[in-house]
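Data block below; observations after.
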Amino acid sequence: MSTDTPIRIRLEQDSDYAFRILFDDTALDPLLTDEPAPLGHDRGPNPSRLLLAAVANCLAASLLFALRKHRNTPGPLHAEICALPTRNEQGRWRIASAKATLHLPGHNADYHNLDRVLAQFEDFCVVTQSVRQGINVEVRVVDGEGRVLLGDKSFEAGA
């Protein structure tokens, strides 16, 4: 990750509530997302599942990095995450909390500096720490001719 290169993602509507996510500047195939019934057809993960997957993936990758930094060579890690959507005071669905479990292979005695690894790996998880602190997301809506319908006219998509 670089501080001077923005992360760019594009979405194109496929049908109904299904969208193809395109990962600019990569060779990755587009990812199809969809809402479950009754809105969509459950043809792909929905945004809530993607958010949880991002948190769990980032935690597992951060743990792996921290383990390797301390000269450990763990076998495959496993992670699971669970959240129960709840309604907020306005009756809107939200993910208020999530529970992630990371599974290390072997025993704790198999690892060097495990106390230190466990004390700091979460601090390096970009996604989890971002979600925990909240993300300022600026929103702009433009029409087919580029007219700003909502948001700041000086909005920079790359910033």
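If you bin every alpha carbon distance in the chain into 5 Å steps from zero, what whole percent lands in each bin?
Taking all Cα pairs of the chain, the binned fractions are 2, 7, 11, 15, 17, 17, 13, 8, 5, 3, 1, 0, 0 percent.
Rounded to the nearest Å, what's the spacing between the alpha carbon centres of the stretch 45-73 and the stretch 1-43? Just the number, please.
20
Can you give me the long-range amide H partners of GLY40? Hydrogens built in the peptide plane at 1.01 Å from N, cutoff under 5 Å, separation of 5 or more residues or another chain.
When sequence neighbours closer than 5 places are left aside, the close amide H contacts are GLU35.
Could you size up the charge dipole of the chain around its Cα centre, putting +1 on the beta carbon of Lys and Arg and -1 on that of Asp and Glu, and report it in debye to the nearest 20? Walk me through the numbers before you get to the answer.
Details: 17 positive and 21 negative charges, 104 e Å.
Rounded to the nearest 20 debye, it is 500 debye.
Residues with amide H under 5 Å of ALA79's amide H, sequence separation 5 or more or different chain, H placed in the peptide plane at 1.01 Å from N; which?
Amide H neighbours of ALA79: HIS103.
Suppose only helical runs count, i.e. DSSP H with n ≥ 4. What mean residue ellipticity at 222 nm does that imply for the chain under -39500 (n - 2.57) per run, divided by all residues and rounded to the nearest 500 deg cm²/dmol?
Mean residue ellipticity at 222 nm (helix-derived): -7500 deg cm²/dmol.
Using the crude model of +1 on Lys and Arg Cβ and -1 on Asp and Glu Cβ, and no other charge, please compute the dipole size for the stretch 1-78 relative to its Cα centre, in debye to 20. Before the final figure, lay out the partial values.
Details: 8 positive and 10 negative charges, 129 e Å.
Charge dipole, the stretch 1-78, about its Cα centre: 620 debye, nearest 20.
What is the magnitude of the charge dipole of the stretch 75-159 about its Cα centre, with +1 placed on the Cβ of each Lys and Arg, -1 on the Cβ of each Asp and Glu, and no other charges, expressed in debye to the nearest 20?
Working: 9 positive and 11 negative charges, 65 e Å.
Roughly 320 debye, rounded to the nearest 20.
If you line up the long axis of helix 47-69 against the longest principal axis of the chain, both from Cα atoms, how many degrees apart are they, to the nearest 10?
30
Only loop residues by DSSP count here, and only those with at most 15 other Cβ atoms within 10 Å; note down the trypsin sites (Lys or Arg not before Pro) in the stretch 61-117 that meet that. Write out the running numbers ahead of the final one.
Working: sites: ARG68, LYS69, ARG71, ARG87, ARG92, ARG94, LYS99, ARG116; in loops: ARG71, ARG92.
Those satisfying the criteria are ARG71, ARG92.
Rank LEU150, CYS82, TYR17 by how far each Cα sits towards the positive end of the charge dipole of the chain (+1 on Lys, Arg Cβ; -1 on Asp, Glu Cβ) and give me just the farthest.
Going by the charge dipole, the pick is CYS82.
Name the residue from GLN133, PRO47, THR26 whose Cα lies farthest towards the positive end of the charge dipole of the chain, charges +1 on Cβ of Lys and Arg and -1 on Cβ of Asp and Glu.
The one lying farthest along the dipole's positive direction is GLN133.
Just so you know, all these numbers are worked out from the coordinates, no wet-lab data involved. Predicted model only: the values in this text are computed from it and were never measured. Methodologically, a virtual Cβ is constructed for each residue, glycine included, from the backbone with ideal geometry; neighbour enumeration extends over all protein chains shown.
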